[in-house]
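This report refers to the structure that appears directly beneath it.
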Amino acid sequence: MESILEQQRRCHEERERVMEAMTSEMLLQKKTPREQINSDHRLKSLHDRFIETTTELSDLYEDKDGVRKEEIQTLAGPNEYAEFRRRLNAIEKFYNKHPNEVSIPMSIEFDEMAKQRENPPDEMQNMVDFTDEEGYGKYLDLHSCYEQYLNLKGVEKIDYITYLSSFDHLYDVPKDRKNAAYREYLVYLLDYLGGYVNKIKPLVDLNEEVEQVQGEFERIWIEGMFPGWPKEATGALTHSGAHLDLSAFSSWEELASLGLDRLKSALMALGVKCGGTLEQRAQRLFSTKGKNLDELDPSLFAKSKPGKAGKVGKNKDSEKQREIALLEAQVYRLAEIVSEQRSATRDNVQRKQARTGEEREESDEERFEESDSDDNSDEVPYNPKDLPLGWDGKPIPYWLYKLHGLNLTYTCEICGNHPYRGPKAFQRHFAESRHALGMRCLGIPNTAHFANVTSIEDALALWTRIKSGKEAERWKADTEEEYEDSQGNIINKKMYTLLKKEGIL
């Protein structure tokens, strides 16, 4: 029963509410990587909804069928009151037919989304499916890719840790080993890396990344600078000769200036007859300007057209090589995106291999307890020794607590008997605003002389002693300034002034 104008109003409202929800989602504090990944997926869902609603709204404004224009003319026509009565009667008829129908406003839906965002239920804790090895986006699970890599013929057999460090070193694989099985391995590796990136970074547009890779690849491939593929493999030299760009030449006489050898090389690259004099070669090569090989006169080719047949076969090989190289370029880009997880995976595997069986079991139990604690993150952590909380909201280890001397408490009377836990915090507080304010209230400058002084009485006594010492060291003009009388005697200022008043000088 919605009119076109009502649909447009609803789309505008939905877009504004979706933008508000996206802003709230981005401003939400994420404490753990799990929360970050879940937040990114919620943000991706809102973004897709915004694009879908915007497309729908654009189609309504475009009005290809003219329904919107007709509705506006009906509402603005001479019988607008009759149209109003007709729509009112339709609404009354609908609600008489469906008396228990309840209209739920859009604000209710977004209010529920806000509540779930702040306090997500248990079923929304794991919005993405990860394997146990991946640790909900912390690590990579390349075991299946590693097994497929070992099944390739002619590649060096390496262990899993080395593979994690070098799975993107595809330029080290010999060119003659890059066959169909190697291509299948690349496709399998790309499928995993692409799916993993979609799970940990759903806001990354992989299609845009692939298009960017293809644009850069085309340029590097034409130049013959792509790693692992020498220039002769890129199709720049399809025959024993070298191609020549004829667009820069306007006549065969200009071609003749290149010499016999260069013209022969260019003709061989096209598979055309390369014999004859300098003029014949130049005319024959110039006749191929702006034409495809299929458009050339068959008499120009060598016997049995070996150049043409060879070119077709080499073009197929070159196209296969180009396809494999493009897959390698995509692997390079995805490896850059997951570089952080890749480094963490390598460290995690090394740490696991260095543990005994009992330590691995204990680690599994700790990880299980951590997952339980993540599910019950709202509960107060068990902290019987009143240890300080770390960045994850959990008590720090006791050995770290003892190492930093956090079991020692220092009190500063100048700061209003404020306690400081640990010597590091105690030493740092002398340069903080609280201590500086207390010193200023006492009328004492907060200088290095008062380092480690926390008592008001000691600070005042030290300040009195410093002032008296400064007073004694201060220069006094009456006793220290020297004058000379008429007889050449040296006396101080005070004596000189008295003698002058008495008239002696």
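The values are calculated or read from the model by the stated rules, or taken from the named source; none is laboratory data. Nothing here was measured: the structure is a model prediction, and the numbers come from that model. Positions of Cβ are generated from backbone atoms using ideal geometry, with glycine treated the same way; all protein chains shown enter the neighbour counts. When the accessible area is computed, the model is the full protein with side chains, heavy atoms only, and any ligands, DNA or RNA have been set aside. Shrake-Rupley method; radii C 1.70, N 1.55, O 1.52, S 1.80 Å.
What to note about this one:
- For the range 1-154, the mean projected area of the C-alpha convex hull, equal to one quarter of the hull surface, is 16.4 nm².
- Computed accessible area, residue 108, all protein chains, 1.4 angstrom probe, square angstrom: 80 Å²
- Average accessible surface area per residue within the chain, 1.4 Å rolling probe, Å²: 65 Å²
- Close amide H contacts of residue 418 (hydrogens built in the peptide plane, cut-off under 5 Å, sequence separation of 5 or more or a different chain): 412.
- Computed from phi, the 3J(HN,Hα) profile of the range 156-167 under the Karplus parametrisation 6.51, -1.76, 1.60 (θ = phi - 60°) reads 6, 7, 10, 7, 5, 5, 5, 5, 4, 7, 10, 5 Hz, with x in place of Gly and Pro.
- Across all directions, the average flat footprint of the convex hull enclosing the Cα atoms of the range 388-438 is 3.8 nm².
- Per atom type, the chain shows carbon and sulfur on 51% of its accessible surface, probed at 1.4 Å.
- Helix 33-62 axis versus longest C-alpha principal axis of the chain: approximately 60°, rounded to the nearest ten.
- For the chain, calculated [θ]222 nm from helices alone, where every DSSP H run of n ≥ 4 adds -39500 (n - 2.57): -18500 deg cm²/dmol
- Straight Cα distances below 22 angstrom link residue 157 to the lysines 175, 178, 352, with same-chain residues fewer than 8 positions distant left out.
- Relative contact order for the range 244-288, counting Cα pairs under 8 Å that sit 6 or more residues apart, in percent: 44 percent
- Neighbour cut-off at most 15 other Cβ (10 Å), DSSP loop, GluC sites (Glu not before Pro), the range 134-224: 156
- Residues 485, 317 ordered from highest to lowest accessible area at a 1.4 Å probe: 317, 485.
- Pairwise Cα inverse-distance average, inverted: Kirkwood Rh of the range 68-172 (Å): 21.4 Å
- Using θ = phi - 60° in the Karplus curve 6.51 cos²θ - 1.76 cosθ + 1.60, the 3J(HN,Hα) couplings for the range 488-501 round to x, 7, 9, 9, 7, 5, 4, 5, 4, 5, 5, 5, 6, 5 Hz; x is entered for Gly and Pro.
- Spatially proximal lysines relative to residue 115 (Cα-Cα < 30 Å; intrachain offsets below 8 disregarded): 30, 31, 44, 138, 199, 201, 394
- The listed residues 264, 470 rank as 470, 264 when sorted by accessible area, largest first, using a 1.4 Å probe.
- Rounded to the nearest whole Hz, the Karplus-based 3J(HN,Hα) values (6.51 cos²θ - 1.76 cosθ + 1.60, θ = phi - 60°) of the range 217-225 follow the sequence 5, 4, 5, 5, 5, 5, 6, x, 10, with x at glycine and proline.
- Partners of residue 493 within straight-line reach, counting lysines whose Cα lies under 27 Å from its Cα and excluding those fewer than 8 residues away in the same chain: 467, 470, 476, 501.
- The Rg/Rh ratio for the chain, using Cα coordinates for both the radius of gyration and the Kirkwood hydrodynamic radius, is 1.23.
- Neighbour-limited loop hits for trypsin sites (Lys or Arg not before Pro), the range 105-192 (at most 12 other Cβ within 10 Å; DSSP other than H, G, I, E, B): 153, 157
- Across the chain, C-alpha contacts under 8 Å between residues 6 or more apart give a mean separation that, scaled by the residue count, equals a relative contact order of 10 percent.
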